[in-house]
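A.B. asks: A single structure is presented below for examination.
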Amino acid sequence: MFEVLMPAALSNPLVAQEVGAKLTLHKLWETPDADAALKELAPRIRGILAGAPGHRRVGGEFLGQFPNLEIVSSFGVGYDHIDAKWAAAHGVVVTNTPDVLNEEVADTAMGLLLSTLRQLPQAERYLRAGKWQQANFPLSDSLQGRTMGILGLGRIGKAIARRAEAFGVKIAYHGRSRQPDVPYPYYATVLEMAAAVDILMVIAPGGPSTKHLVDAAVLRALGPRGVLINVARGSLVDEDALVAALQKGEIMSAGLDVFAHEPQVPQALLDMDHVVLLPHVGSASHRTRDAMAHLVAENMLSYAAGKGPLTPVAETPWPRLEKAD
Ligand code: NAP
Ligand code: 8YV
């Protein structure tokens, strides 16, 4: 029997329903004494259903408790909360939920960008406060005539680029390498790209290799008409530097779906009326969250049936690489 552990409840109930219908599923948070239950279950657990960022960190210390662990199936495409290198070194496959959320997150990114530039949330608050009776809402900035630099032109970055092009926005991009089949100008550093654009769209993975890629110097290079949109992870942006740049007018505005210490949002950002702040809702529609949940379950079920995982992450390719002697 393939026994699976769900350490914490996922926001979408489909995962537990679909996995629980076919495999033995242990919901740790429902047990009265989680520590005792963990000790007793640990040797039998072959699969773990993990939550999204903001949920508990799935590091080697946690995973090391399960001597017969084979697969961690995680809800979300970003897996910076999972120690995938530890998993690879211990023969554990990690899966995520790529592609099924591309269009939703790209829609959210464009909505956030338009909201930030055209001040749509502020205009709505103005109307509701009855201020329209006294005067029209002030004129806003515009998306037109702008150039967007995309930090991370991957699956979601490309879906954002397609949309931005349809809005008449020019595109540039930065990643670790130039993509030969991409028509947009490539910049080898974020700093050079920020100096050449007036929208910086952040949609690269989180984790140590991208920590604070957007720092004070990048924000200064983006300039006083510059707008930062972050729909990736809070860790990519130096949040203190961002607050300072906004306070000093070194950039014009920001639209943020993600933060350094979710669900905490710095008071300084909450106090600013010219930024737009969302509670990490990039993929958060019923349709897309159901598609993600289904893929989490399918990864586990396919693996347990001996057919291998559907969407393993890069660090744990499938079939497993042979170890060199
Ligand atoms: P993806 O297809 O893997 O694309 C990631 C892109 O980032 C690639 O183009 C990659 O290009 C670039 N990149 C990776 N490491 C980099 C580095 N160190 N420096 C510069 N660029 C780097 O990923 P995706 O599916 O588009 O998802 C991107 C991220 O979006 C996820 O990891 C997740 O954190 C975030 N996300 C957020 C939400 C939300 O709700 N707000 C929803 C979904 C996803 P190179 O390989 O050339 O560097
Ligand atoms: C998460 C995300 O799934 O996929 C990601 O990387 O950030 C989101 O889609 C969301 O945080 C789930 O709670």
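A.B. asks: Going down the list LYS27/LYS307; LYS27/LYS158; LYS85/LYS170; LYS85/LYS248; LYS85/LYS158, which pairs span over 32 Å between their C-alpha atoms?
C.D. replies: Details: LYS27/LYS307 25 Å; LYS27/LYS158 37 Å; LYS85/LYS170 37 Å; LYS85/LYS248 40 Å; LYS85/LYS158 27 Å.
Beyond 32 Å: LYS27/LYS158; LYS85/LYS170; LYS85/LYS248.
A.B. asks: Amide H to amide H under 5 Å from PHE259: which residues, 5+ apart in sequence or cross-chain, H placed 1.01 Å off N in plane?
C.D. replies: Close amide H contacts, sequence-distant or interchain: GLY234.
A.B. asks: Here's another thing I want to ask about it. Can you give me the Cα centroid spacing of the stretch 51-108 and the stretch 235-263 in angstrom?
C.D. replies: About 26 Å separates the Cα centre of the stretch 51-108 from the one of the stretch 235-263.
A.B. asks: Given a Förster radius of 30 Å and the C-beta distance between ALA244 and ASP99 as r, what FRET efficiency does 1/(1 + (r/R0)^6) yield to the nearest 0.05?
C.D. replies: E between ALA244 and ASP99, to the nearest 0.05, is 0.20.
A.B. asks: How large is ³J(HN,Hα) for each residue in the stretch 210-222, as worked out from phi by the Karplus curve 6.51 cos²θ - 1.76 cosθ + 1.60 (θ = phi - 60°), to whole Hz, x for Gly and Pro?
C.D. replies: 3J(HN,Hα) across the stretch 210-222, in whole Hz: 10, 4, 6, 4, 9, 10, 4, 5, 5, 5, 4, 5, 5.
A.B. asks: Along the charge dipole of the chain, Cβ charges K/R +1 and D/E -1, which of MET300, TYR79, GLY282 sits furthest on the positive end?
C.D. replies: GLY282
A.B. asks: Rg/Rh for the stretch 102-277: what does it come to with C-alpha atoms and Rh from Kirkwood? Display every interim value, and only then the final one.
C.D. replies: On the way: Rg = 15.8 Å, Rh = 16.4 Å.
That ratio equals 0.97.
A.B. asks: Is the shape of the stretch 223-265 best called rounded, prolate or oblate, per the rule: a/c under 1.5 gives rounded, else a/b larger than b/c gives prolate, else oblate, with a ≥ b ≥ c the square roots of the Cα gyration tensor eigenvalues?
C.D. replies: prolate
A.B. asks: Subtracting the Cα-Cα distance from 0.36 nm times the residue separation, let me have the gained length for ALA305 to GLU124 in nm, one decimal.
C.D. replies: Length gained between ALA305 and GLU124: 60.0 nm.
A.B. asks: Checking the a/c ratio against 1.5 first, then a/b against b/c, what shape does the Cα gyration tensor give for the stretch 180-238?
C.D. replies: Values: a/c = 1.66, a/b = 1.08, b/c = 1.54.
Verdict is oblate for the stretch 180-238.
A.B. asks: Taking the Cα-to-Cβ direction at GLN133 and at ASP35 and moving 7 Å from each Cα, how far apart do the two end points lie in nm?
C.D. replies: Distance between label points: 6.1 nm.
A.B. asks: Please compute the volume of the convex hull spanned by the alpha-carbon atoms of the chain and report it per residue in Å³. Mind showing how you got there, number by number?
C.D. replies: Working: hull volume 54.1 nm³, N = 325.
Dividing the Cα hull volume of the chain by its residues yields 166 Å³.
A.B. asks: How large is the helix-only mean residue ellipticity at 222 nm for the chain, computed as the sum of -39500 (n - 2.57) over DSSP H runs with n ≥ 4, divided by its residue count, in deg cm²/dmol to the nearest 500?
C.D. replies: Helices in the chain give a 222 nm mean residue ellipticity of -9500 deg cm²/dmol.
A.B. asks: Heads up, I need the accessible area for GLU30: 1.4 angstrom probe, whole protein in place, Å², nearest 10.
C.D. replies: 120
A.B. asks: Another one. Please turn the phi angles of the stretch 285-301 into ³J(HN,Hα) values with the Karplus equation 6.51 cos²θ - 1.76 cosθ + 1.60 (θ = phi - 60°), one per residue in order, whole Hz, x for glycine and proline.
C.D. replies: My calculation for the stretch 285-301 gives 10, 4, 4, 6, 5, 5, 5, 5, 4, 4, 5, 4, 5, 4, 4, 5, 5 Hz in order.
A.B. asks: With θ set to phi - 60° and the Karplus curve 6.51 cos²θ - 1.76 cosθ + 1.60, what are the ³J(HN,Hα) couplings of the stretch 40-46 in order, to the nearest whole Hz, using x for Gly and Pro?
C.D. replies: With the stated coefficients, the stretch 40-46 comes to 6, 7, 2, x, 8, 6, 10 Hz.
A.B. asks: For ARG163 and ALA284 in one chain, what is 0.36 nm times their gap in residues minus the Cα-Cα distance, to one decimal in nm?
C.D. replies: 41.7 nm
A.B. asks: Please list the non-local residues whose amide H lies under 5 Å from the amide H of VAL72, H modeled 1.01 Å from N, same-chain partners needing a gap of 5 or more.
C.D. replies: Correct list: ILE48, VAL93, VAL94, THR95.
A.B. asks: Can you give the net charge of the other residues whose Cβ lies under 10 Å from the Cβ of PRO279, counting K and R as +1 and D and E as -1?
C.D. replies: Neighbour charge sum, excluding PRO279 itself: -2.
The values are calculated or read from the model by the stated rules, or taken from the named source; none is laboratory data. Not measured: the values here are computed from a predicted model. Positions of Cβ are generated from backbone atoms using ideal geometry, with glycine treated the same way; all protein chains shown enter the neighbour counts. Heavy atoms of the whole protein, side chains included, go into the accessibility calculation; ligands, DNA and RNA do not. Shrake-Rupley method; radii C 1.70, N 1.55, O 1.52, S 1.80 Å.
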